[in-house]
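For reference, the structure discussed in these notes is given below.
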Amino acid sequence: MAQNRDLIDPGHRKERMPLIDAAKGFAILLVVLGHSVQTYVLDFDHNLLFRFIYSFHMPLFMFLSGYITIKTDFFSLRIKFNRLMIPFVVWYLLSYVLTHAYQTIPFTEYIVRWIKSPDYGLWFLMVLFWCHCALAICMRLRKYAGNFSFLLVYLAICMIPTGEFGIGLVKLHFIPFISGYLIAKNRVTLQKLEKPAMLLSVFLFASLFGYWNRTQEPSFIPVLKAMFSLRGINYIVHFYRYLIAFAGIGLSFFLIMRLTKVDIAYTAFRWLGRYTLEIYVLHTYLLGWNLGTGYLQIFSAAVIALFSSIIIATILKQSSWLNRLLFGQKPASAQASIG
């Protein structure tokens, strides 16, 4: 990636970064494909495509969101709140009608369930906002603790005695987010490591992916249980899941780098990367249309949902207040991304 000078100083520039746009386009395609598999495959947890996607796709998005973060302080959190939390709230309220949830659950119970477990809604937006809040605290503490502030804040998050209200998801995703932020800030220093890191990621992902499962322990754990305590096993599981996630992130950049040589594909992914938030909030309502059966059904539903989301978003954004409420953007904004 060193030859892509558009990435050299991502944390301090306002113009778009083509390679990062392409990576975001790749990531949102994985999101839509993953949800398409969930929609059309009964035993989706054993589907190879689903397992591949879910082993790293949301850590990839968190990493990219941290990477493109220019600055986060307590003043800028107001902007982050408008961009992330307003769509998070509005779309959950709309979903009460759009998904016909009103037929099965009282509105008060619907709201309480969502507050305690934001994964019932567009959880990524809320968790990303909490990550920005944590980063703002890191920046405030940095003048006292230096780079140790990142570790101190992460440990403090881990010590919060609950996983509700999105805290559990923050514990899981803060590391990819802050890793993206720190790598972007130190990119010039780390350039020489990029190619070896990507090659190592490809090797690690190919070697370790076969053990991954979303709802179960890695398949090598039964062998280790006879050798380690339960507490030791838990550490190994956490380390393995992070290792797979970061290997998947490196693999993603390896693949995107190959795509830079294919103009049509690279341009397509860069284009998708400009509409990640719009696609994220809309696509689940649009996965009902498809063609064929099997993988043709899965891929056709994903493609239809992708393009339908962009078309519908383009129409809705003609209204400045809908643009702000639904997509967290100011009326003049023309560049969309989850980050």
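F203 - would you say it is surrounded by 12 or more Cβ atoms within 10 Å (Cβ to Cβ), free of Cβ contacts under 8 Å to residues at least 12 places away in the same chain, of a type outside the set (D, E, K, R) and over 24 Å from S179 (Cα atoms)? No: the conditions fail for F203. Scan the range 164-185 for residues that are surrounded by 13 or more Cβ atoms within 10 Å (Cβ to Cβ) and farther than 21 Å from F63 by Cα and the total you get is 1. Only residues that are closer than 20 Å to K24 by Cβ and surrounded by fewer than 16 Cβ atoms within 10 Å (Cβ to Cβ) were counted across the range 65-97, and they come to 3. Restrict the check to the range 293-300 and report whether at least one residue is of a type in the set (A, V, I, L, M, F, W, C), loosely packed, with under 15 Cβ neighbours inside 10 Å and not in a helix (DSSP H, G or I). The answer is no, given that none of the residues of the range 293-300 is of a type in the set (A, V, I, L, M, F, W, C), loosely packed, with under 15 Cβ neighbours inside 10 Å and not in a helix (DSSP H, G or I). Which pairs do you get when a residue that is over 16 Å from L122 (Cα atoms), found in the range 94-111, comes within reach of a residue that is surrounded by 14 or more Cβ atoms within 10 Å (Cβ to Cβ), reach meaning Cβ atoms under 7 angstrom, with the pair 6+ apart or on two chains? Between residues of the range 94-111 that are over 16 Å from L122 (Cα atoms) and residues that are surrounded by 14 or more Cβ atoms within 10 Å (Cβ to Cβ), the close pairs are Y102/Y96; F107/Y96. Would you say K192 is charged (D, E, K, R) and either over 18 Å from F246 (Cβ atoms) or touching a strand residue (DSSP E or B) at 6+ places or on another chain (Cβ under 6 Å) (or both)? Here the answer is yes, as K192 does meet what is asked. A single entry from L33, L122, L49, L29 fulfils the requirement of being closer than 25 Å to Y242 by Cα, surrounded by 22 or more Cβ atoms within 10 Å (Cβ to Cβ) and either among the small types (G, A, S) or modelled with pLDDT of 95 or more (or both): L33.
On the basis of being out of contact with any Pro (no Cβ under 6 Å at 6 or more places or on another chain) and touching a residue at least 40 places away in the same chain (Cβ under 8 Å), does L251 make the cut? Against the criterion (out of contact with any Pro (no Cβ under 6 Å at 6 or more places or on another chain) and touching a residue at least 40 places away in the same chain (Cβ under 8 Å)), L251 qualifies. One residue alone among T284, T267, T215 is assigned to a helix (DSSP H, G or I), surrounded by fewer than 16 Cβ atoms within 10 Å (Cβ to Cβ) and among the β-branched types (V, I, T), and that residue is T267.
The values are calculated or read from the model by the stated rules, or taken from the named source; none is laboratory data. Keep in mind the model is a prediction, meaning the values are calculated, not measured. Counting neighbours? That spans all protein chains shown, and the Cβs are built from the backbone with ideal geometry, glycine included.
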